[in-house]
Amino acid sequence: MNSQRSETPTLTEEEIIQLAESSAFSLTPSDPLLNHLLSAPECLILSLLSKSESPSLFTKSIFSLLSPVARSSPESSSSRILLCVLLEFISLTHHERTSLDTFSLIAESLDALPVVSFSKISESLLSLLDLISEPDDALPLELLPSLLSVIKSSGSNGPDCADTFLRSILDRKWPRVLLIKMVLLLRDLPLNQAQAEDYLKKVFVEMEEVDLQDLPSIVYHLLIMASKGLKKPVVLGIIGFFGKIERGPGIIYRQVQGTVLLHVNFSVKQDPSIGHELLGLVKSDIELVTHFSVAMLLSVARIRRFTETAISLLKSVVTRSHREHRLARDCKWVPDLLKDHCLLTVRRIEQAVLRTVQESNNGREHILPSIVQLGFCLLESLEDGNGKGDSACDPNALMGIEELGMQTIKTLFEVHDMARNEIIEQCKFRILSLKPQQSVSIIKLLGRLVQSNPYPMLEHVSRLKELLDYFSFMHLKTSTSLIAALLPLAKYSHDLQRYIVLVVRKAVFKREDTVRIASIDAIIKLMLESSSKNEPDSLQQFSSQASCSQQAELPNGIGVGLFQEMRGLLRRCLSQQATVKESMYWGLVKLVLSDTSVVGPVFEFLRPHFLQFFESKTSEEFKIKLRDCVKAENGILQIEEPLDCLVSCVSWLLFLKPQDKAFQQPWSCFGFSLSQDNEAARISSSESFADTLMKMRKFLRNKSLEDILGTNQDLGSQTLDGEKTSFYAWILSGIIQVLVNLLAKEIGNATDAQNIDLEKEIIDFVVFYDSLEKVACNKQGKSHRKGHPKANNTQDIHGETETREGQKAYPSKFSLVRSPFLSTSSISCLLELVVKISRCTDSENHNNQYVHLMSFTLKACLSHLKAFQSLEADSPLKGLIYGDIKVLGSRLLHLVWLMKSCSSLVKDQRKKDSRGRLCGDDQGEGLVHLGLSCLKELFNLVGTKFKLIELIEEMSKSCLEIVEDAGGGELFGPDLVGGENEGQAIHLFLVKVLRKLFTDLLMHSHFQELEVLSDIALLLAHKLPSDGRNSHGAWADSISRNAKVENVKATRSLVSLVISLSDSQNDLKLARGMASELLKVIGSEEMDPLENSETYPIINRSTANAIATLLLNLIESVIIDFEWMVPKLKALFSINLEETFRHKSSEQCGGKTPKLMLEDALYSRAESLVQVLSCFTEMSLKDPQAEYLLRLAAKFYKHLARITKLRIAPKGYRQALPGIKFQTLAEVTCKKLTGPLYKFVAVVQREQQENMQNRGMANKIKRENKCIPNLIFQIEDYEKYLIQLSKLTKVNLLRHAKRSTARDFKILDTRDKANQEERPMHASSPSTPEDSREESEEEEKECERLSSDPEPGAENGVLDPESGADDQVRMRVKSKGVKRKKVVQDSEEEHSE
């Protein structure tokens, strides 16, 4: 039988396949067919494989037959045959079509192969990588997971071999097909964390060469892998890859990104931990914020559980970046590199948000609701003006949070039709639900949408009408802003226009004065819109239309007859509150200013109402009916008619009245035909107003004050007489200002002879105004009745102390928006008149007139400048009343210089006013002070209204006049603004003008003026670069070292100049020098106080407390800088910012990284602060300042503890040695601050014990009993981290540390317990110098023992989290210093509890 079997021919391919199929489950190792296969030569089997029509099936058959034999008999030939077949089959893959099932079977059989064969298989697979061009070519890579597993488990060096094999794969170039295959295999590969991160880095690098259509599938498989512990590297890789420059066509690439965002959204739904990882990464590292990471967060926000968290994160990222930029910009000790980085970060985030919105129309429609929510959240995040952008005059200005939110919503509204309904609905909801201050931004957004997209907004008129239904219930500011925002849309919609009119009509009949003011404002704005929306002949064109249907098709047909239609409502307003009338009067001025042809109907409308307040039987008999302007209800006086506002309105209407009759033609459609009768009526109407004003001028000039005010018999109760007279004087003072404004305007057009009369008349009116001011103050007495001019406002009659809007405050609840009575040109004319009169003050009468005119002019100018700050940018009155307000700068500077030169006159007048002052806060102030206050307000307008260089150029015009009049000499010249830039111009202005003025005022002891001048100098110096302020700081320091000033306010201003104008390297040094001199003046326990300082004469008994408070405020400002700088340093510790700062090379930064630069600056600043604080700990401070110092010290130690904690390496990182500056900081703090601070606390507690019987000390003791334990805790917390760091680095950082001797409890001897119970608690136990030395020696030994005995987990400088360092240190700190035979007695507070 055996002989017959041996003669059997060799097995063929078909026989092997049939044998595998038929005997797969019944074949035994002794089977003759299997033995015959095992005995066959390898070359025969390889020949069959190479010639096979189905290599996959043949290979599969071989492995199914021989792999069980190889496992059971490793020494048999089966392993050798399997290896040869496998290698040959891998080589055939590139040429022949293979099967995935075959490689799956082979992968399961790899454990049957010998260990030595794995290297050959690895080399075969590596050689195949370069040949992969089709998906089938990559099928052998299915062996990788199993191959790496068997290699790792092959022996002791198996992991190293597997790592070498993996590195070889990562070093190869991955074509597109190979990349896709490797991504698919990632989930099955046996990789550790480091290998997986390297693998993912390789994937993202190779993705740059992949076709765009393959990216979504790759990202999808990567997100699947993220669920297996690779969330962070996958999320970081996706953000980094898609946050780069676009690849390929923009639209296609954005569509690919949209698909990726959908995959991200789906993955987060399946595995929320991916979403939490994304949120955590962006929150911890603001550098990850790109346009794609913003899109990812917005996509995740569509998931309900992440909506609020994701939107809040984006909002916080935007607000935090702006806040850090603002703080870094204003902090002078922060390195410039970090300032630039904060600025670039803000711009990058703004651009990222805007780009996300702009690219939201290509496959990203699912994030639209999230964008809407983000935009409105940004608008609502404005607090205290922090969200405003930079000055519009700055070309490098940032957008700001408010503008970013508006641009987000506006862009979305323009790009996506589907988002418009939601945007309008959100606007409506938020306007009605938010506070008035928060809704301003929403209304401003609505106005922008109306102006930029009027036709799309027409589709939402119905929703806007629903919003208008709440007009009568809105806040005044909200309702007026809403009407102003919607009016541009009214010219495109008749329906909306008619509905606005209907709403306004209803509001006029409401009882609340604020609703009526809003309605009259809406009426005026509606008429302004109708008069400005057409060409001059448009009204006539619309009046001649053929039919109503044709008119309906026109985009703009409202406004024809609108004034005639609203005339009844306007007439009704004449019988309402004074605030409503005032608003209407100025509205009529705006209307005429917008279209002068309507002045005739306005005159006719006002004429009956105007004339009822004047009585003129003959030309000689004229009377002002002041009693009709004031009424008394239930003993409360109120102004019934703001006659001064009415007279001002009429004067401006006469000024605006056109001389050419042709201007009346377009308004003929209003019912005023140009017949001779109507024309004569129009002329007589305007002439009657002018005639009344002329009679009023003569009446007020010729009559005495008693004749004008008189004694009225119909005043009712005699107790109200004085108050009514005060009201009359109040109204007349406004009329006087109107007349002065008219006279000042006439001066420019009159002859020289007429100018003399006009000037004399102005002076007479100013003197009369001063008399009215005194009457108003004297008559009021001590009355504080509701509605009195002085009851609710404490300013003088001119209103220098302004209301919120800077306007003249009226009695009772008066207008929030009120324009001044004098224009800029009139004030400029009065200033020139003052300068002219100053040249001929040759008599006492002239001097008195000069002072009266100067005081009136400067008060009017100050009120004018304050009112201009709150003026709306698009107000029609801006050009009429304010004009080019910069022209006041040169006049004011000239006048201030003249007043300074005539200081004796000004000083005498100020003393006279101070003795005779009866009312008003500013009555006793000097005129120089008023002039400087005007200059200060003018400089405050810089940036928002005009540029600083423009104002300085304007002021330079007065230099020659100053040289002529005040003897300026060589101080002024053509080089005042000869600088090439703004900084040089500011420097020259400070040197040549303000320094000289400051010195002269200091010489004449004008301390109030010095305070204002210091504010101006600070305002200008802050616009200089940091290095440009040093010279001015040195000048201020020299003044403080040479001048002896005992005025508190002047000294505080001078010290502020010295500190603020010094750079970060000198400010705290100067503060330390002042603090050391302050110690001599205030004194300490060891040193008696001096009368004044020899180094700084400004530090004396009178000013010591003020300077101490100022220096403590400086310390607090530095600590506040630490509050945001320490977290910034923490972020630099946790992330690598070198790539962020690649725009700055290391050579430019002195070879230091940003982290090291910030560390050095922070440590140096903290060390300088320690030096200043150490001086205060030795002073005998009073109660408020002592408590203030304790609180500041606690905050400072808290930040020191946070800084020290940052130096301790986290788990898994090597511990670095502390730098020299850090060691110096720790040494200086322990030596110069901690010890003296304990002594200071002991002194404070001793004073508490001495003053326990004083009831007034109870509250102070309670406060200090809270801050002292907090201070002790912060100190010990700081020292705890120093001990940890010392043990880890073996560097003794506590060489000079002192043990705490002050607690909120006391350790007592048992024998003295009975005596101590009778004494107040919270006292420190006395100790002798010998005891202190012994305790210091014990503590030093303890610190050295701790630092020389490192914990088990701290070898080789690596922090071991399992060592329990915190617990061991805490136990040792608690146990040290405990003495025997002591008991602990509870404090009184604990006992009471």
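Of note:
- Of the GluC sites (Glu not before Pro) found in segment 44-148, those in coil by DSSP whose Cβ has at most 14 other Cβ atoms within 10 Å are Glu53, Glu75.
- For segment 403-429, the residues whose amide N sits under 20 Å from a probe point set 7 Å from the Cα of Glu466 along the beta carbon direction are 413, 417-429.
- Charge tally in the Cβ shell below 10 Å around Lys152, where Lys, Arg are +1 and Asp, Glu are -1, Lys152 excluded: -2
- Taken over the Cα atoms of segment 286-363, the convex hull encloses 77 Å³ per residue.
- Placing R0 at 30 angstrom, the Cβ-Cβ distance between Asn421 and Glu246 gives a FRET efficiency of 0.45 after rounding to 0.05.
- Paramagnetic reach from Gln451 (point 7 Å along Cα→Cβ, amide N under 16 Å) across segment 411-432: 411
- Rel. contact order, % - alpha carbon contacts under 8 angstrom, at least six apart, segment 1015-1127: 26 percent
- Cα-Cα over 25 Å, subset of Lys625/Lys695; Lys836/Lys859; Lys703/Lys866; Lys332/Lys886: Lys703/Lys866; Lys332/Lys886
- Our summary gives segment 41-199 a relative contact order of 21 percent, counting only alpha carbon pairs under 8 angstrom and 6 or more residues apart.
- At most 16 other Cβ within 10 Å, DSSP loop - GluC sites (Glu not before Pro), segment 1047-1124: Glu1085, Glu1086, Glu1091, Glu1094
- Working note: Debye formula, equal point scatterers on the alpha-carbon atoms of segment 588-660, no solvent; log10 I(q)/I(0) at q = 0.15, 0.19, 0.21, 0.24 Å⁻¹ is -0.63, -0.87, -0.96, -1.07.
- FRET E, pair Thr1095, Arg329, Förster distance 41 Å, beta-carbon r, rounded to 0.05: 0.75
- Working from label points 7 Å from Cα in the Cα-to-Cβ sense, the Val887 to Arg505 distance is 4.6 nm.
- When the Cα positions of Met1087, Leu1010, Ser1053 are compared along the charge dipole of segment 976-1101, Leu1010 comes out farthest toward the positive end, with charges on each C-beta of Lys, Arg, Asp and Glu.
- Mean projection of the Cα convex hull over all viewing directions, computed for segment 1156-1237: 5.8 nm².
- Cα gyration tensor, segment 1005-1126 - rounded (a/c under 1.5), prolate or oblate: oblate
- Counted residue by residue at 0.36 nm each, then reduced by the alpha carbon distance between them, the extension gain from Asp214 to Ser688 reaches 162.1 nm.
- Shape of segment 593-632, Cα gyration tensor, a/c cut at 1.5: oblate
- Projecting the Cα atoms of Ile735, Ile762, Ile747 onto the charge dipole of segment 717-774, computed from C-beta unit charges around the Cα centre, puts Ile735 farthest toward the positive end.
Taken together, the values in this text are just the output of simple stated rules run on the coordinates, not laboratory data. Worth saying up front: this structure is predicted, and the values here are computed from it rather than measured. So basically every Cβ, Gly included, is an ideal-geometry build from the backbone, and we count neighbours across all protein chains shown.
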